Amino acid sequence: MGISGEGPDGTDWIDLSRRVFCAICSAMPNKNLISKIIKIGLLIVPVLPLVVTRSLFFPFVTGRNFIFRIVVEILFALWVWLMLTDSEYRPKTSPILYSIICLVGVLFLATIFGISPYKSFWSSFERMEGFWQYWHYFLYFIILAGTFKEAKDWFRLAFVSIGASLIASVYAVLQLLGKLDVHQGDVRLDATMGNATYLAIYLVFHIFLLAYISIRMKASKIWIRLIPLALAVFEFFIVYKTATRGALLGFLAGVFVFSLVNIIWSKGFARKVSVAVLGIAVLIPVVFFLVKDSSLVRNSETLSRFASISLTETTTQSRFIIWNMAFKAWEDRPVLGWGPESFVYIFSKYYNSELWRQEPWFDRAHNVFLDWLTSAGIVGFLAYFALFGSAIFVLIKSFKSKLIGSKEVGCFLGLMTAYLVSNIFVFDSFSSYIVFFAILAYLHFIYACNGSDSRSENKTVSYAFPKNIKAGIIAVVLISTSYSIFSFNLKPILASKSIVDTLQVVTYSKDGSANIRDLEKGLETLKKGIDYNTFGTTEIREQLAQYAGRISNDPATPKEEKKKFTEFALEQMKIQRETFPYDVRAKAFLSTLYGDYGDYGNAILIAKEGLEISKQRQQFYFILGEAYFKAGEEGLAMDVMRQAYELAPEYPEAIHNYAMVAIFSGKPEIAENLLEKHFGTRIYPDPKYVNAYAAIGDFKKLTIVWEKLVQNDPENWQYRLSLASAYVKIYRDADAIKQLEKTIEINPDFKAQGEIFIKQIKEGKLKR
């Protein structure tokens, strides 16, 4: 029995589909026009590091990545038509192409078999570096390799990329001059990258590219060839001002390799210059070591950062701890690792309590090699290094075939060395990846397109697709591209925007209370963001939980509004907990929300879940201890806070939480001995201790707290007002009146109310 394409109405749907596909194929413009469109589209990519989208959550990440994905997807659809039409546009093979295919394949397997396939595939708004992003880097490489067939195409791309880097450098100069703000609130320049390290590595790439351009220039006048070198010096100055140690060490290592290659393969004047440069590269660290304690070094932001490098430095210590965590994680899953974007789970499981000095949530090992070991195992680690190995192989083969000169080889080897060395201390970002993959595509072009056609390894497939097959493939690509742009790009863009819209909508008054109408709008906006059902839902839920926490502790917000907001937040965080069982952040938010809601049983339960995964994370001890205390289990609260303290006795928050619970529990001697041991005082000047002493009725010590606070901040009229109130409690009326008079002097607006209080004190009408 044969298969019929006839429908109930007699229409032959197979034949109709064939005709539609053929119509699509015939309607496409000519290949030259398509090729030009693709080439113009590819020139958009190098400009994207300049894009900052403040209307989206994580403005230095999301906007440029979404634009990149949309551009790549559109160009890929056009390229598919192009390569189906003409085999010339199909990329030739090379070791670099094979290594990239291998890397993407390994990443896919690591994603599928990882601890959280969904997160590994999609990542988050903050990073956008899951498998889906690497897939787009691969497509970007394929489009470049298949479309750019002439050297001029590559130089246009290089000039656009260099132009973008110069704009970023000028932006950094304006930051240096104080005309523009540094985004991270630091003195280290970050331009449009939002991070000094990202900017530094990005510019290091372009310094070597400028050197390459200078070498390739055939200008008769030497000063013309010096222009790129002058621009390279300018960009190095910016790299220096970023004070990024890893990038500067990488650059120095890159210069060393560049010089060494030219000493080996060059002759005459070029070799002499290379020897001089190599000597300088070696001499710089030696000289620095000799003068590292001088005032010149100490007064320099950049040099002092290098001088501070030691095994006992806090940053260095934290790096060692994190790297040790990464090794332990790799030992647990050595072959394919935990999956891309899974280091946050590693950080939770192997958390070391000594990391309280650093940021609370690390999602990278701060070492790209360990990142690959943990995310894709030893297979992914080797696949990553295969990229560099294949590039080096291609460079050597191309040099031997006289397709490229020794100085050009030195530039690229120096660039890759700088990149690898800098990555020992940090991790990749979009701005460095797009340059790196473009360079790999260019090396592929030199090897595969300019070499001997007799080599089997760089042949293209010349298979002629039947017309109907072509049309079918084109239709599938067009449909999938349209779906991807809408579902995987536009919807997440709207979801990301919903977070920013909420941040802009919800405003707070001077007393810290939120406007109710704003809260309602903010809640509706977040609901819309969640309804888009994108990979950014996790971050939307976290923002929702933070809002709910703030609202629940706001006495000015009506109970109904608190209940509405908190219940929706609880509902969403419960979904987050169920969907991502290893997400300890979700458990922390959920447990805190339950505590704010008064459901201490569930707060305790969820906090214990978090501790089961992350046994040394003090945050869960704090949450659990607070829940126990609110539930009336003061003994258990004391025990939990003591355990948190013992994990890291130098941790100020652990000290204060333990001391606070001790006072509330009627054991102030424990707290005061603890505070004296660590801070040299038995009564600590912090408003939080006021409530604790008030709870046990010790108004004398409460008064001492306010006296110390006033002493530390004598112009704070609210502190003086509180001190006056405390004096009244212990019948020191004259002292109370003095503080009220000083309060009126500091804040004349308080005069009328202050005089009423003074009168009430004199008349003995204030409640003691």
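The values are calculated or read from the model by the stated rules, or taken from the named source; none is laboratory data. From a predicted model like this one, the values you see are computed outputs, not experimental measurements. In this analysis, Cβ positions are derived from the backbone assuming ideal geometry, glycine residues included, and neighbour counts consider all displayed protein chains.
Annotations
- Listed by first and then second residue, the pairs with beta-carbon distance under 9 Å, at least 6 apart or on different chains, first residue in the stretch 376-392 and under 18 Å from Glu129 (Cα atoms) and among the aliphatic types (A, V, I, L, M), second at pLDDT 95 or above and not in a helix (DSSP H, G or I), are Ala376/Gly114; Ala376/Leu336; Ala376/Gly337; Ala376/Trp338; Ala376/Gly339; Ala376/Pro340.
- For the stretch 283-310, a residue qualifies if it is among the hydrophobic types (A, V, I, L, M, F, W, C) and assigned to a loop (DSSP other than H, G, I, E, B), and exactly one does: Ile309.
- Out of Ala648, Ala654, Ala644, one residue alone is within 23 Å of Leu355 (Cα to Cα), surrounded by fewer than 23 Cβ atoms within 10 Å (Cβ to Cβ), within 32 Å of the chain's Cα centre (by Cα) and not aromatic (Phe, Trp, Tyr). It is Ala648.
- One residue from Leu144, Leu107 being buried (at least 18 other Cβ atoms within 10 Å of the Cβ), closer than 28 Å to Val239 by Cβ and not acidic (Asp, Glu): Leu144
- In the stretch 130-150, the residues that are more than 27 Å from Ile40 (Cβ to Cβ) and touching an Asp or Glu at 6+ places or on another chain (Cβ under 8 Å): Gly130
- Filter pass, Asp749 being surrounded by 14 or more Cβ atoms within 10 Å (Cβ to Cβ), of a type outside the set (A, V, I, L, M, F, W, C) and in a helix (DSSP H, G or I): no
- Contact map, the stretch 398-411: first residue touching a residue at least 24 places away in the same chain (Cβ under 8 Å), second residue charged (D, E, K, R) and surrounded by fewer than 18 Cβ atoms within 10 Å (Cβ to Cβ), Cβ cut-off under 8 Å, separation 6 or more or different chains; pairs are Glu408/Arg216.
- Check on Arg245, closer than 18 Å to Lys407 by Cβ, touching a helix residue (DSSP H, G or I) at 6+ places or on another chain (Cβ under 9 Å) and of a type in the set (D, E, K, R): no
- Of Ser375, Ser348, all but one fail to be in contact with a helix residue (DSSP H, G or I) (Cβ under 8 Å, 6 or more places away or on another chain), hydroxyl-bearing (Ser, Thr, Tyr), more than 17 Å from Val584 (Cβ to Cβ) and in a helix (DSSP H, G or I); the exception is Ser375.
- Screening Lys218 with (1) assigned to a helix (DSSP H, G or I); (2) surrounded by fewer than 16 Cβ atoms within 10 Å (Cβ to Cβ) gives one miss only, at (1).
- Residue match in the stretch 89-96 (condition: of a type outside the set (Lys, Arg), assigned to a helix (DSSP H, G or I) and at pLDDT 95 or above): yes
- The residues of the stretch 492-516 that are surrounded by fewer than 19 Cβ atoms within 10 Å (Cβ to Cβ) and at pLDDT below 55, listed by number, are Tyr508, Ser509, Lys510, Asp511, Gly512, Ser513, Ile516.
- Elements of type helices (runs of 4 or more DSSP H) in the stretch 524-601, at least 2 residues being farther than 18 Å from Ala495 by Cβ and without any contact (Cβ under 8 Å) to a residue 24 or more places away in the chain: 559-579
- The set of residues in the stretch 729-746 that are among the β-branched types (Val, Ile, Thr) and either in contact (Cβ under 8 Å) with a residue 12 or more places away in the chain or surrounded by fewer than 17 Cβ atoms within 10 Å (Cβ to Cβ) (or both) comprises Ile730, Ile737, Thr743, Ile746.
- Cβ-Cβ under 7 Å pairs, at least 6 apart or on other chains, the stretch 234-256 side under 17 Å from Val182 (Cα atoms) and in contact (Cβ under 8 Å) with a residue 12 or more places away in the chain, far side part of a helix (DSSP H, G or I) and of a type in the set (Phe, Trp, Tyr): Val239/Phe251
- Total residues in the stretch 646-698, condition assigned to a helix (DSSP H, G or I), farther than 23 Å from Gln619 by Cα, touching a residue at least 24 places away in the same chain (Cβ under 8 Å) and charged (D, E, K, R): 0
- Of the residues making up the stretch 250-282, those that are among the basic types (Lys, Arg) and part of a helix (DSSP H, G or I) are Arg271, Lys272.
- Unique match (being at pLDDT 95 or above and not small (Gly, Ala, Ser)) among Phe57, Phe66: Phe66
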